[in-house]
Amino acid sequence: MSIDSKYTHPEVLVTTAWVNEHLKDDDLRIIESNEDILLYETGHLPEAIHIDWLRDLQDQTVRDYIQPEAFATLCSRNGITPETTCVFYGDKSNWWSCYALWVFQLFGHEKVKIMDGGRDKWIAEGRPLTRQVPHPIQTSYPIPAVRRDAEIRAFYEDALAQSQSCLPLIDVRSPSEFKGLVTHMPEYPQEGVLRGGHIPGAKSVPWKDAVNTDATFKNAEELRDIYQKNLGLKPDDEIVVYCRIGERSSHTWFVLNYLLGFKKVRNYDGSWTEWGNRVRAPIEKSV
Amino acid sequence: MSYPSKLTAIIDLFSGLSDAEKRETLIAYADQARLQEPREGERFDLEDVRKDDECTDTVGIHLRLDEGGRAHFRITLGPQVQTLTRAMSSILCKGLEGITPTEVLEIPADFVPKIVGAELVRLRSQTVYYLLTRMKGVAKVWLQRQRAFCPSQESEI
């Protein structure tokens with residue numbers, strides 16, 4: 001399967017076959033990012049490094065992302081320069097690789113790609129895995145001047161304003177979570193949220209609608225049907241996406257921003273674990 | 001309550017390891033998870049195979065009691081179950097090997113972070129506790145059945 005050239009930015013998606021041919025490229029860094037904490041150690045793509053969404057990308061005290069200095073250190077340690085193309089892949093239909101890519105975008109690292117289908121597709125095709133951990137030559141990544149929170153990240157107040165202004169809010173969780181029938185996502189434990197439901201005015205478009213059964217992204221026409229034809233979104237709309245902690249919504253952010261070329265999409269990473277616990281946050285339920 | 005001796009040995013093993021060594025050892029245990037599955041021809045006194053809403057995949061707990069009333073567990077895990085949970089299935093099958101169902105019920109869950117380490121116990125890794133809960137559930141049902149069928153033997157179990 002090739003990448004659909006009708007995506008707005010088809011260059012951000014690469015096939016497993018493409019990655020297989022470029023494993024040893026000097027200007028490329030393959031990055032695995034998973035939900036399963038130990039999965040990388042059980043076997044990963046040759047030359048792939050591991051970036052842990054919690055340990056490496058988040059502040060360990062405050063619920064926030066790392067600061068630019070820490071991002072520069074992370075990249076330097078992993079042999080990444082601003083010119084390095086980072087190819088992300090991982091488990092869970094690329095939730096966490098999209099999340100890692102989104103965090104890299106917070107720091108303005110522009111050269112990013114996703115391996116379509118992620119880890120599962122690579123394995124399903126019988127491609128090689130290794131337990132050998134690469135040791136890239138350390139680089140000196142410049143400290144980014146800013147973290148682009150205002151551009152691609154939404155906070156509680158932003159999501160509230162979005163709701164009050166009747167601007168597009170997309171809830172990418174499962175329908176049961178959206179309706180307030182459950183306070184955990186299917187097949188996962190409770191993540192400590194006190195109220196169920198959704199942000200008033202939000203529309204339910206589960207992240208899963210954007211992928212095929214093999215975890216690859218649906219083609220451009222199918223995606224446009226979902227988000228533009230059915231939901232009525234326009235490429236210039238100001239859109240906020242959310243889920244529970246921001247990883248599934250990173251996936252939808254990737255779809256809207258790169259595959260469909262929407263220009264003003266922000267990910268509300270506080271998501272439902274913030275909103276559903278916040279005192280007096282307005283909540284809507286539906287059946 | 002103190003832990004069973006085999007589980008204590010595993011806890012002691014992990015307590016002397018660095019974080020990196022803990023991860024390596026957990027991977028080694030995860031690699032052995034298949035060995036804890038039921039073997040051909042094995043019969044069990046109680047089996048509980050199900051997929052709960054909060055879990056990624058199916059977990060099966062298979063309990064056999066020997067003539068001495070000692071419990072022997074086997075565990076089956078669906079393919080989507082995380083690596084840490086696979087490791088814990090090996091650890092629990094080995095650590096609880098040969099204790100009585102009553103002793104299974106008394107095991108506190110506070111050994112998990114001692115083995116896994118605080119860094120790896122995350123909200124989405126709670127299935128490591130879930131496995132022990134399921135094993136206790138099977139042990140409890142077995143005990144209840146025994147008491148229902150053989151009330152006079154209650155004190156012996």
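Among the residues in segment A:162-182, are any in a loop (DSSP other than H, G, I, E, B), under 23 Å from A:I245 (Cα atoms) and touching a Ser or Thr at 6+ places or on another chain (Cβ under 6 Å)?
yes
For residues in segment B:12-31 being under 18 Å from B:L131 (Cβ atoms) and surrounded by fewer than 16 Cβ atoms within 10 Å (Cβ to Cβ), which is nearest to the other protein chains (Cβ to nearest Cβ)?
The qualifying residue nearest to the other protein chains (Cβ to nearest Cβ) is B:D31.
Quickly run through segment B:26-40 and pick out the residues that are part of a loop (DSSP other than H, G, I, E, B) and under 13 Å from B:L92 (Cα atoms).
Within segment B:26-40, the subset part of a loop (DSSP other than H, G, I, E, B) is B:32, B:37-40.
B:Q32, B:E37 - these are the residues of segment B:26-40 that are part of a loop (DSSP other than H, G, I, E, B) and under 13 Å from B:L92 (Cα atoms).
Inside segment A:246-280, can you point out the residues that are of a type in the set (V, I, T) and either farther than 18 Å from A:R173 by Cα or crowded, with 23+ Cβ neighbours inside 10 Å (or both)? It would help to see each step written out before you state the result.
Our first condition is that a residue be of a type in the set (V, I, T); within segment A:246-280, this holds for A:252, A:255, A:265, A:273, A:279.
Within segment A:246-280, A:T252, A:V255, A:V265, A:V279 meet the criteria.
Just a yes or no: is a residue in segment A:162-177 within 14 Å of chain B (Cβ to nearest Cβ) and without any contact (Cβ under 8 Å) to a residue 12 or more places away in the chain?
yes
Which pairs do you get when a residue that is touching a residue at least 60 places away in the same chain (Cβ under 8 Å) and within 7 Å of another protein chain (Cβ to nearest Cβ), found in segment A:36-52, comes within reach of a residue that is polar (S, T, N, Q) and part of a helix (DSSP H, G or I), reach meaning Cβ atoms under 6 angstrom, with the pair 6+ apart or on two chains?
Sorted first by the residue in segment A:36-52, then by its partner, the pairs are A:L39/B:T83; A:T42/B:T83.
Filter segment A:136-154 down to the residues that are part of a loop (DSSP other than H, G, I, E, B) and touching a strand residue (DSSP E or B) at 6+ places or on another chain (Cβ under 9 Å), then identify the one that is surrounded by the most Cβ atoms within 10 Å (Cβ to Cβ). Before you say what the answer is, go through the steps one by one.
Looking only at segment A:136-154, we keep the residues that are part of a loop (DSSP other than H, G, I, E, B), and these are A:136-148.
After this cut, where a residue has to be touching a strand residue (DSSP E or B) at 6+ places or on another chain (Cβ under 9 Å) as well, the list is A:136, A:147.
Working: A:P136: 14, A:R147: 19.
The residue in question is A:R147.
So which helices (runs of 4 or more DSSP H) are wholly in segment A:59-135 and hold at least 2 residues that are closer than 24 Å to A:K208 by Cα and touching a Leu at 6+ places or on another chain (Cβ under 8 Å)? Working first, answer last.
Working: elements: A:68-77, A:95-106, A:118-124.
Once the helices (runs of 4 or more DSSP H) in segment A:59-135 are filtered for at least 2 residues that are closer than 24 Å to A:K208 by Cα and touching a Leu at 6+ places or on another chain (Cβ under 8 Å), what remains is A:95-106, A:118-124.
Working carefully through the options B:R34, B:R39, B:R70, B:R43, find the one that is closer than 17 Å to B:K136 by Cβ and basic (K, R).
Values: B:R34 fails: closer than 17 Å to B:K136 by Cβ; B:R39 fails: closer than 17 Å to B:K136 by Cβ; B:R43 fails: closer than 17 Å to B:K136 by Cβ.
That would be B:R70, the only listed residue that is closer than 17 Å to B:K136 by Cβ and basic (K, R).
Return the residues of segment B:78-108 that are among the hydrophobic types (A, V, I, L, M, F, W, C) and part of a loop (DSSP other than H, G, I, E, B); say none if nothing qualifies.
B:V81, B:L96, B:I99, B:I107
Given the conditions (1) at pLDDT 95 or above; (2) part of a loop (DSSP other than H, G, I, E, B), and given that B:M1 satisfies all but one, which numbered condition is not satisfied?
The number of the failed condition is (1).
Counting only residues that are in contact with a Phe, Trp or Tyr (Cβ under 7 Å, 6 or more places away or on another chain) and assigned to a loop (DSSP other than H, G, I, E, B), which one in segment B:41-54 is nearest to the other protein chains (Cβ to nearest Cβ)?
Step one: list which residues in segment B:41-54 are in contact with a Phe, Trp or Tyr (Cβ under 7 Å, 6 or more places away or on another chain), which gives B:45-46, B:54.
Still in the running and assigned to a loop (DSSP other than H, G, I, E, B): B:45, B:54.
Values: B:D45: 29, B:E54: 5 Å.
The extreme case among them is B:E54.
Spot the failing condition for B:R86; the list is (1) within 14 Å of chain A (Cβ to nearest Cβ); (2) among the charged types (D, E, K, R); (3) loosely packed, with under 15 Cβ neighbours inside 10 Å, and only one is missed.
(3)
Among the residues of segment A:1-16, what is the count of those that are closer than 10 Å to A:M115 by Cβ and of a type outside the set (S, T, N, Q)? Full working, then the answer.
Keep residues of segment A:1-16 that are closer than 10 Å to A:M115 by Cβ, which gives A:13-16.
From what is left, the residues that are of a type outside the set (S, T, N, Q) are A:13-14.
Residues that pass the stated criteria total 2.
The values are calculated or read from the model by the stated rules, or taken from the named source; none is laboratory data. All values reported here derive from a predicted model rather than from experimental measurement. Positions of Cβ are backbone-derived with ideal geometry, glycine not excepted, and every protein chain shown enters the neighbour counts.
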